[in-house]
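Structure, as structure tokens:
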Amino acid sequence: MQRYFVANEQFADNKVFIDGEDARHIMRVMRMSEGDNVICCNEKGNSALCKIEDISGDEVNLRVVEWLDEAKEMPVSVTIANGLPKGDKLELVIQKGTELGASAFIPFMASRSIVKWDSKKGDKKVERWSKIAKEAAEQSHRTKVPHVSEPVPLNKLLQMSSEYDYKIVAYEEEAKRGEKSRLASLLSDIKQGQSLLVVIGPEGGLAEKEIESFRENGFVMCGFGPRILRAETAPLYVLAAVSYHTELMG
């Protein structure tokens, strides 16, 4: 069933109204009409089965039929911090990472990032990333849309890291040494409701100075298996590992 993410203020008692791009999608793409059902999710992560009562102009008015009890979010909150990669690799990470359950994405400006962030064009870029996350959340039947922030410098990322219960860095030197127990140990320790920040470097990896900064701020260096993963593959690997451990094994 088609799913839409709706702002809290668009819910009033047992009524919901949808406008803008989502309303046009309902009318022109899905070609829905009065009596059809959709699922509407609010910003708190609550979802409701809703019936379309009226379509007028560019607004769709719905009635809440019932609130649903959906367990679609991972029991732990995982934020992916990616060193800015080149091309559309970050779009892939956001799309697939959303499907795999990421709670948020924080791009950061690593010293080896080939792409240099243009703040003048930044708003449109972040808007596109957020739209990708929203569409992926709808497609994968999530109840929350991951937050995508604008790229931050390393010092800002380090400041933000104090908010997390666990924080790790994907470090290929650990993988080369065959170190594979740290990630498994962390996944055994993390509890429902806790948060995890995962840092992954750009294509050229993280500089030694950056690694030391992460160490000094309490990050744990982790290898993600015995193979060296691409910058766009590592986030998906760790999300799948967290999902397996906390959702399938839990």
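Conditions (1) part of a loop (DSSP other than H, G, I, E, B); (2) out of contact with any His (no Cβ under 8 Å at 6 or more places or on another chain); (3) surrounded by 15 or more Cβ atoms within 10 Å (Cβ to Cβ); (4) in the same structural domain as residue 193 (by TED's automatic domain parsing), marked per residue:
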residue: 23; (1), (2), (3), (4): no, yes, yes, no
residue: 28; (1), (2), (3), (4): no, yes, no, no
residue: 33; (1), (2), (3), (4): yes, yes, no, no
residue: 44; (1), (2), (3), (4): yes, yes, no, no
residue: 50; (1), (2), (3), (4): no, yes, yes, no
residue: 54; (1), (2), (3), (4): no, yes, no, no
residue: 60; (1), (2), (3), (4): no, yes, yes, no
residue: 64; (1), (2), (3), (4): no, yes, yes, no
residue: 81; (1), (2), (3), (4): no, yes, yes, yes
Which of (1) surrounded by fewer than 18 Cβ atoms within 10 Å (Cβ to Cβ); (2) in contact (Cβ under 8 Å) with a residue 24 or more places away in the chain; (3) at negative phi; (4) out of contact with any Lys or Arg (no Cβ under 7 Å at 6 or more places or on another chain) does residue 4 not meet, given it meets every other one?
-> (1)
With 240, 184, 231 as the choices, which residue is part of a loop (DSSP other than H, G, I, E, B) and either over 17 Å from the mean Cα position of the chain (by Cα) or among the hydrophobic types (A, V, I, L, M, F, W, C) (or both)?
-> 231
From the list 173, 203, 210, pick out the single residue that is of a type in the set (Asp, Glu), touching a Gly at 6+ places or on another chain (Cβ under 9 Å), buried (at least 16 other Cβ atoms within 10 Å of the Cβ) and in a helix (DSSP H, G or I).
-> 210
Name the one entry in 110, 104 that is in contact with a His (Cβ under 6 Å, 6 or more places away or on another chain) and buried (at least 17 other Cβ atoms within 10 Å of the Cβ).
-> 104
Can you tell me which residue in region 156-178 is farthest from residue 82 (Cα to Cα), limited to those that are basic (Lys, Arg) and either touching a Cys at 6+ places or on another chain (Cβ under 9 Å) or at pLDDT below 95 (or both)?
-> 177
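The values are calculated or read from the model by the stated rules, or taken from the named source; none is laboratory data. Everything quoted here is computed from the prediction, not taken from an experiment. Note that each Cβ is placed from the backbone with ideal geometry, even for glycine, and that neighbours are counted across all protein chains shown.
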